[in-house]
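Accompanying notes for the structure given below.
Bear in mind that the values in this text are calculations on the coordinates, not laboratory data. Only a predicted model underlies this, so the values are computations on that prediction, with no experimental measurement involved. Neighbour counts are summed over all protein chains in view; Cβ atoms, including those assigned to glycine, are modelled from backbone coordinates with ideal geometry.
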Amino acid sequence: MYPKEFQESIKKVEATRQARKGSDFPRLSLAERQALLEAFHPDYKKGTMRALSVGVNKGDKTPHEFANLFEAYSLIDPERFTIPQPKYSVDVLIIGGGGAGVSAAITAHQAKADVLLVTKLRIGDANTTMAQGGIQAADKENDSPAIHYLDVIGGGGFKNIPELVRALVTDGPEIIRWLEDLGVIFDKADDGTMLSIHGGGTSRKRMHPCRDYTGAEIMRCLKDEFLDNKIKYLEYTSALELLKDKNGNCVGAVLLNMENGEVFTVKAKTTILATGGAGRLHIQGFPTSNHYGATADGLVIGYRAGAKLIFIDTIQYHPTGVAYPEQILGQLITEKVRGVGAQLVNADGERFIYELETRDVVASAIIREVQERKKGIMTATGGGVWLDTPLIEMVSGPGTIHKQLPAMYRQFIKFGIDMTKEPVLTYPTQHYQNGGILCNEFGETNVPNLYVAGEVSGGVHGRNRLMGNSLLDILVFGRRAGRHAAEKSSKIANLSEGTLDHLKQYHAELQQANIPQERKSPMLLPDYRPKQFQGEFNFLAKLRQ
Amino acid sequence: MPELATIYIMGKEYQVPANLTILQAIEYAGFLFVRGCGCRGGFCGACSTVYRTKDSYKLKVALACQTKIEDGMYLAQIPFYPANKAEHKISQIQPTTETLCALYPEIMRCISCGSCTKVCPQDIKVMDYINAAIRGDYKKVAELSFDCIMCGLCATRCPAEIVQYYVALAARRIYGAHIMKKAPHLDKRLLEMKEQKFAKEIEQLMQSSTEQLKELYTKRDIE
């Protein structure tokens, strides 16, 4: 139910609806896009970033929220901590239980590796599950991986790592077949033809949706397959640090049982970081569409172990986060809503941007509309613009929302807003970490025997990811990393002892840079309790003994 | 200061701002979630919550992240349920009428009480799909159960000890893998990929300068 003050604006939206239906809106040129980004994209806002003072990427700019985690001491004091005997010894250790980690685990297991997967929450509690709109892959007649390549690289500001983009677009079709074989139910015609739609910045309709539960459908099938393969796993187990031997190889990790505080180690011939993103850092105070555990832990421990980062100065703000009601502030309104015909309009019911520009561009245009042009609708928590959802039913037929966007309908109707009849209020939300730990096309980092896959990695999406390429990315690189790590581990006969010497060095650097001693990371969980309750988590108590 | 509401977390009284979700209210009361909180967006089913309101015997359920608190709510979460999952090999399983009953024989014990449907926070017709599963109607199970987020509340209420969400998952996977038609355009593309049909073109793009790429990008035709 909208408050009275919104109703007048909604009347204006209704008044222009018929005329807007089916109308064109000009796309921006590359130069216009760049100008809009520089003026309004949060990445360009002055004073929001600083140069790192320690580590491999010393001197590189990154948001303060990231820098505060990199420029921080470990939860373990390497001078006092006695590394316990390994509790497990495996071929492949996978840290993270989202789409990347689980697909890596299945693939490594099938390549005959002994695999252990650990994850901070439950398997599948990940941004993968929350991906709604679809997965990209160039599998239709009028499309090709080369066209996909061009879309990806243009969307990324022409900065993407070419080898990684090639891997992404080339593996796309076989990933879709793999998913079909696992039993993923894509939206299809009776003859099996995929129903595909546009996403922002795509030149072909190559988004394959499963209603608006695409990620959830993929993740539950992956998880089920993982369980059917009887792969070892530990839930509610986070990683505190990586272990390296005297020669600089990654040889496992120090882990934490989040429930009883037990700290233990796993010895592993190869390690895959698949820890996901960073939405819960709330860069510049933005709300986030991310899951509870998205706290950049993998970036932090990888960086301390010497892994190189790339594009850590660019964050993706999804243009359409929920701006009202406040209870679900920042949650995602999938791009599919625009893909099937909803338009963005301001308080006067006027369009102001072509809806399927790339995400960075659309987000910037919304910020401009609210902050500069003052044509937003103001709320207690900020402001927003309308996403005119009733138009969907006019363009794509009555019942489209119930059939293709059931999750979105549920999300709003629970708060008394019927998106088939009323528009929904939207504003950008922190959504994705465009950069991350640099890797090659097999997921290998510059640290020997350390791999990355999924959102924690960086390079493939350049400076801005397109919709539907993250679901593809996690599976392409999850499988590549899983396969390669399994193969690599079969060639490693003996593992030398794991040390935290790299951490000692890192701490020395921190001291030299005068980083305050009390600043600790990784974050593990965001703390939303009122100030008086905040403090060290119970499950860390054992570390202090 | 916003209006306050009184809630009872596992029986203990707390005053919290009345505009919060259940999840936010529990945090406001000073609890840090380790379990019982996943996506915070209504997609993962980690925060299933059972509650009743003051002076009512009726038990209700909600996803804590998607539900605003009510004054007088008595709350408890069910972060884990010891459900049995039948293991199978998706590539080898046969989509026969009996398959689901063989995997989960307990579905035959369904007494059609409707408790599962009544409890579902996604408003899924759970009992109807269990009946479809008994008949071996995979399509129906898939359609009815698709929006399931596997929160597990149905299983907590089932007098026949059926784990509905795993039955549905097995049915959907079997339907997706063995009954739905595979995409014909994908067959074709996979053959082309095998023949490396696009390798050269991609190689050329990889070698192109940014200026060349910008030109190609700007000129590309859009479907």
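Of A:Y317, A:A305, A:A347, which is farthest along the charge dipole of segment A:266-378 in the positive direction, counting Lys and Arg as +1 and Asp and Glu as -1 at C-beta?
Comparing the listed Cα positions along the dipole, A:A305 ranks first.
Taking R0 as 30 Å, what FRET efficiency do you get between B:M108 and B:R52 from their Cβ-Cβ distance, rounded to the nearest 0.05? Don't skip to the answer; put the middle values down first.
Values: r = 32 Å, r/R0 = 1.08.
Efficiency, rounded to the nearest 0.05: 0.40.
Using Cα springs under 10 Å in a Gaussian network model of chain B, which residue among B:K182, B:K85, B:K140 shows the largest mean-square fluctuation?
The residue with the greatest mean-square fluctuation here is B:K182.
Taking the Cα centre of each part, how many Å lie between segment A:489-510 and segment A:309-375?
First find each Cα centre; the distance between them is then 44 Å.
Starting from the Cα gyration tensor of segment B:119-177, take the square roots of the eigenvalues, sort them a ≥ b ≥ c, and report rounded, prolate or oblate (rounded when a/c is under 1.5, otherwise prolate if a/b is larger than b/c, else oblate). Walk me through the intermediate numbers first.
Values: a/c = 1.76, a/b = 1.44, b/c = 1.22.
Prolate.
Report the normalised scattering of chain B as log10 I(q)/I(0) at q = 0.18 Å⁻¹, calculated by the Debye formula with identical scatterers on the alpha carbons.
Rounded to two decimals, the profile gives -1.19.
I'd like the distance separating the alpha-carbon centroids of segment B:144-173 and segment A:263-290, in whole Å.
Segment B:144-173 and segment A:263-290 have Cα centres separated by 30 Å.
Rounded to the nearest angstrom and ordered from largest down, what semi-axes does the equivalent ellipsoid of segment A:338-407 get from its C-alpha gyration tensor (root of 5λ)?
Working: eigenvalues 111, 35, 24 Å².
Semi-axis lengths for segment A:338-407 are 24, 13, 11 Å.
When the label point is put 7 Å from the Cα of A:K112 along its Cα-to-beta-carbon vector, which residues of segment A:474-495 have a backbone N closer than 16 Å?
Inside the label zone: A:483-493.
Considering chain B as a Gaussian network with a 10 Å cut-off on Cα pairs, which listed residue, B:K89, B:K118, B:K194, attains the greatest mean-square fluctuation?
For chain B, modelled as a Gaussian network with Cα springs under 10 Å, the answer is B:K194.
Based solely on C-alpha atoms, express the radius of gyration and the Dmax of segment A:392-441 in angstrom.
16.6, 48
Principal axes first, then extents: for the Cα atoms of segment A:127-170, list largest minus smallest coordinate on each axis, whole Å, largest first.
28, 27, 16
Let me know the charge dipole size of chain B about its Cα centre in debye, to the nearest 20, where only the beta-carbon of Lys, Arg (+1) and Asp, Glu (-1) is charged.
Working: 29 positive and 24 negative charges, 99 e Å.
Dipole magnitude for chain B comes out near 480 debye.
Could you order peptides A:3-10, A:429-436 by the average number of other Cβ atoms within 10 Å of their residues, highest first?
Numbers: A:3-10: 13.2, A:429-436: 26.9.
So the order, starting with the most tightly packed, is A:429-436, A:3-10.
On the first, second and third principal axes, largest extent first, how far apart are the outermost C-alpha atoms of chain A in Å?
Rounded to whole Å, the extents work out to 71, 55, 42 Å.
Treating only the Cβ atoms of Lys and Arg (+1) and Asp and Glu (-1) as charged, compute the dipole magnitude of segment A:147-208 about its Cα centre; round to the nearest 20 debye.
Values: 7 positive and 9 negative charges, 71 e Å.
Roughly 340 debye, rounded to the nearest 20.
Which order do the peptides B:76-82, A:345-351 take when ranked by the mean count of other beta-carbon atoms within 10 Å per residue, highest first?
Values: B:76-82: 14.3, A:345-351: 19.4.
Ranking the peptides B:76-82, A:345-351 by packing returns A:345-351, B:76-82.
Given a Förster distance of 45 Å, report the FRET efficiency between B:E203 and A:S53 from their Cβ-Cβ distance, rounded to the nearest 0.05.
Details: r = 41 Å, r/R0 = 0.90.
Computed FRET efficiency for B:E203 and A:S53 comes out at 0.65.
What angle, in degrees between 0 and 90 and rounded to the nearest 10, separates the Cα long axis of helix A:99-110 from the longest principal axis of the Cα atoms of chain A?
That helix lies at roughly 50 degrees to the long axis.
What does the convex hull of the Cα atoms come to per residue for segment B:85-214, in Å³?
On the way: hull volume 20.9 nm³, N = 130.
Given the Cα convex hull of segment B:85-214, per-residue volume reads 161 Å³.
List residues of segment A:191-232, by number, whose backbone nitrogen lies under 16 Å from a label position 7 Å along Cα→C-beta of B:E223.
Inside the label zone: A:192-210.
Quick one: which residues, 5 or more positions from A:L243 or on another chain, have an amide H under 5 Å from its amide H? H modelled 1.01 Å from N in the peptide plane, none for Pro or chain starts.
HN-HN under 5 Å from A:L243: A:V251, A:G252, A:A253, A:V254.
Shape call for segment A:445-545 from the C-alpha gyration tensor, a ≥ b ≥ c root eigenvalues: rounded (a/c under 1.5), prolate (a/b greater than b/c) or oblate? All intermediate terms of the calculation are to be shown ahead of the outcome.
Values: a/c = 1.99, a/b = 1.32, b/c = 1.51.
Oblate is the answer for segment A:445-545, as a/c is 1.5 or above yet b/c matches or exceeds a/b.
With axes computed from alpha carbons, what is the tilt in degrees of helix A:501-512 against the longest principal axis of chain A, rounded to the nearest 10 within 0 to 90?
Here the helix axis deviates by roughly 70 degrees.
Given a cut-off of 30 Å, name the pairs among A:K11/A:K374; A:K45/A:K244; A:K11/A:K188; A:K223/A:K488; A:K159/B:K181 whose C-alpha atoms lie farther apart than that in the structure shown. Write out the running numbers ahead of the final one.
Values: A:K11/A:K374 18 Å; A:K45/A:K244 38 Å; A:K11/A:K188 37 Å; A:K223/A:K488 25 Å; A:K159/B:K181 39 Å.
Distance filter (> 30 Å) returns A:K45/A:K244; A:K11/A:K188; A:K159/B:K181.
Taking amide hydrogens as modeled 1.01 Å from N in the peptide plane, which residues meet the under 5 Å criterion relative to A:Y73, leaving out close sequence neighbours?
A:R519, A:K520, A:S521
When the dipole is taken about the Cα centre of the protein assembly as shown, and only Lys, Arg (+1) and Asp, Glu (-1) are charged at their Cβ, what size is it in debye, to the nearest 20? It would help to have the intermediate numbers written out before the result.
Numbers: 93 positive and 87 negative charges, 100 e Å.
Charge dipole, the protein assembly as shown, about its Cα centre: 480 debye, nearest 20.
Checking the a/c ratio against 1.5 first, then a/b against b/c, what shape does the Cα gyration tensor give for segment A:384-500? Walk me through the intermediate numbers first.
On the way: a/c = 3.41, a/b = 2.96, b/c = 1.15.
It comes out prolate by the Cα gyration axes.
Tell me the Kirkwood hydrodynamic radius of segment A:20-137 in angstroms, computed as one over the mean inverse distance between distinct C-alpha pairs. Write down the numbers at each step before the final one.
On the way: mean 1/r = 0.0507 Å⁻¹.
Result for segment A:20-137, one decimal place: 19.7 Å.
With a Cα-only, solvent-free Debye model of segment A:187-324, what are the log10 I(q)/I(0) values at q = 0.12, 0.14, 0.20 Å⁻¹?
Debye curve over Cα of segment A:187-324, log10 I(q)/I(0) at q = 0.12, 0.14, 0.20 Å⁻¹: -0.76, -0.98, -1.33.
Counting only other chains, what is the mean number of Cβ atoms within 10 angstrom of the Cβ of each residue in peptide A:325-332?
Details: counts 3, 5, 11, 7, 0, 2, 7, 2.
Mean number of neighbouring Cβ atoms from other chains: 5.
Using the beta-carbon distance between B:L59 and A:K11 and R0 = 35 Å, what value does 1/(1 + (r/R0)^6) give for FRET efficiency, to the nearest 0.05?
Values: r = 42 Å, r/R0 = 1.19.
My answer for the efficiency is 0.25.
How far, in degrees from 0 to 90, does helix A:469-490 lean away from the longest principal axis of the Cα atoms of chain A, to the nearest 10?
Helix A:469-490 sits roughly 20 degrees off the main axis of chain A.
Of A:K246/A:K491; A:K336/B:K194; B:K139/B:K182; A:K230/B:K139, which pairs sit farther than 22 Å apart, going by alpha carbon to alpha carbon? Walk me through the numbers before you get to the answer.
Numbers: A:K246/A:K491 19 Å; A:K336/B:K194 31 Å; B:K139/B:K182 15 Å; A:K230/B:K139 28 Å.
Table pairs above 22 Å Cα-Cα are A:K336/B:K194; A:K230/B:K139.
Label-point separation (nm) for A:F537 and A:N260, each offset 7 Å from Cα along Cα-to-Cβ?
Calculated label separation equals 1.8 nm.
What does the average come to when, for each residue of peptide A:529-541, you count the partner chain Cβ atoms lying within 10 Å of its Cβ? Show your work: numbers first, answer last.
Values: counts 8, 4, 0, 1, 6, 2, 1, 0, 2, 2, 2, 0, 0.
Across the residues of A:529-541, the mean count of other-chain Cβ atoms within 10 Å is 2.
Rank B:L205, B:Y81, B:C37 by how far each Cα sits towards the positive end of the charge dipole of chain B (+1 on Lys, Arg Cβ; -1 on Asp, Glu Cβ) and give me just the farthest.
Positive-most Cα among the choices belongs to B:Y81.
Report the label-to-label distance for A:R27 and A:E509 in nanometres (one decimal), using points 7 Å from each Cα along the Cα→Cβ vector.
Going by the 7 Å Cα→Cβ label model, 4.2 nm.
Name the residue, out of B:T210, B:T99, B:T53, whose mean-square fluctuation peaks in a Gaussian network model built on chain B with Cα pairs under 10 Å.
Ranking B:T210, B:T99, B:T53 by mean-square fluctuation puts B:T210 first.
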